[in-house]
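Chemist: One structure follows; several queries about it will come next.
The values are calculated or read from the model by the stated rules, or taken from the named source; none is laboratory data. Keep in mind the model is a prediction, meaning the values are calculated, not measured. Areas reflect the complete protein model, heavy atoms only, side chains present, ligands, DNA and RNA absent. Shrake-Rupley method; radii C 1.70, N 1.55, O 1.52, S 1.80 Å.
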Amino acid sequence: MSEADPREILVQVVKVLNKMDVPYLVTGGISVLMWGRPRFTADIDIVVELKTKNVKDMVKAFKSLWKGGYIDEDAINQAIKEKGEFNFIDGVSGMKVDFWILNNTEFDESRIKRRVGKKIMGQTIYFSSPEDLILSKLQWYQKSGSVRHLEDVESIFKISGEKLNMQYLQKMAKILDVVAVLKRY
């Protein structure tokens, strides 16, 4: 397995999504790099608004870009049906891209509208806003108990704290029932 710059894979994935007109936002550890302190991440997390009609084209596009890459059409269809997740694994580097299907919740609809474009290697890539990333990390903390999520939240507050929309954060924290954890910051 060779070393790969995750940004290169991210740029190629985003080009596929843009060509297919699939709304998306990058979240997780890669997004923490934009708003907090850099940390190692073993994958790329992307929330997508994907429709069943796009599945065959997506599979074809990924298979043509990355020989030996893994993507499963049935897994994508199942993820769309269950509002779950599927992944693509780069055949050269082994880098995994997790795709999370956008849910029809107030939070998901808000965060896709609030995504922020950043230039990476000449390509505009849309990332979760820092507020929505914090909220997502707080949700994941409540589900998993992993302190890594809290460390990410702390770093976002330290790096981007003065620029955060606290009114939005507090409003959505109530909706998502993460107020108690947010109060730590």
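Chemist: Only Cα pairs under 8 Å and at least 6 apart count here; give the relative contact order of the chain as a rounded whole percent.
Modeler: It rounds to 22 percent for the chain.
Chemist: Quick one: with all protein chains in place, what share of the accessible area of region 102-184 is carbon or sulfur, to the nearest percent (1.4 Å probe)? Walk me through the numbers before you get to the answer.
Modeler: Details: 2110 of 4590 Å².
Taking all protein chains in place, region 102-184 shows 46 percent carbon and sulfur surface.
Chemist: Separate question: Suppose the chain between R39 and V147 were pulled fully straight at 0.36 nm per residue; how much longer would it get relative to their current alpha carbon spacing?
Modeler: Values: separation 108, 0.36 × 108 = 38.88 nm, distance 1.39 nm.
Separation in residues times 0.36 nm, less the Cα-Cα distance, equals 37.5 nm.
Chemist: Still on this structure, please answer the following. Sequence neighbours fewer than 8 away in the same chain don't count; with that in mind, list the aspartates and glutamates whose C-alpha is under 16 Å from K113.
Modeler: Output for K113: D21, E49, E131, D132.
Chemist: Please work out how much length the chain gains when fully extended from K19 to V179, using 0.36 nm per residue of separation minus the C-alpha to C-alpha distance, in nm with one decimal. Each step should come with its number before you reach the end.
Modeler: Details: separation 160, 0.36 × 160 = 57.60 nm, distance 3.85 nm.
That works out to 53.8 nm of additional length.
Chemist: Moving on to the next point. Test of understanding: what is the full-extension gain from Q123 to E73, defined as 0.36 nm times their sequence separation minus their Cα-Cα distance? Write out the running numbers ahead of the final one.
Modeler: On the way: separation 50, 0.36 × 50 = 18.00 nm, distance 2.70 nm.
Full extension from Q123 to E73 adds 15.3 nm.
Chemist: Among the listed pairs K19/K119; K19/K158; K118/K158; K81/K171; K53/K96, which are separated by more than 27 Å between their Cα atoms? Could you put the intermediate results ahead of the total?
Modeler: Numbers: K19/K119 17 Å; K19/K158 36 Å; K118/K158 20 Å; K81/K171 29 Å; K53/K96 24 Å.
Exceeds cut-off: K19/K158; K81/K171.
Chemist: What is region 35-185 by shape, rounded, prolate or oblate, if you read a ≥ b ≥ c off the alpha carbon gyration tensor as root eigenvalues and call it rounded for a/c under 1.5, prolate for a/b larger than b/c, and oblate otherwise?
Modeler: Note, shape of region 35-185 comes out prolate.
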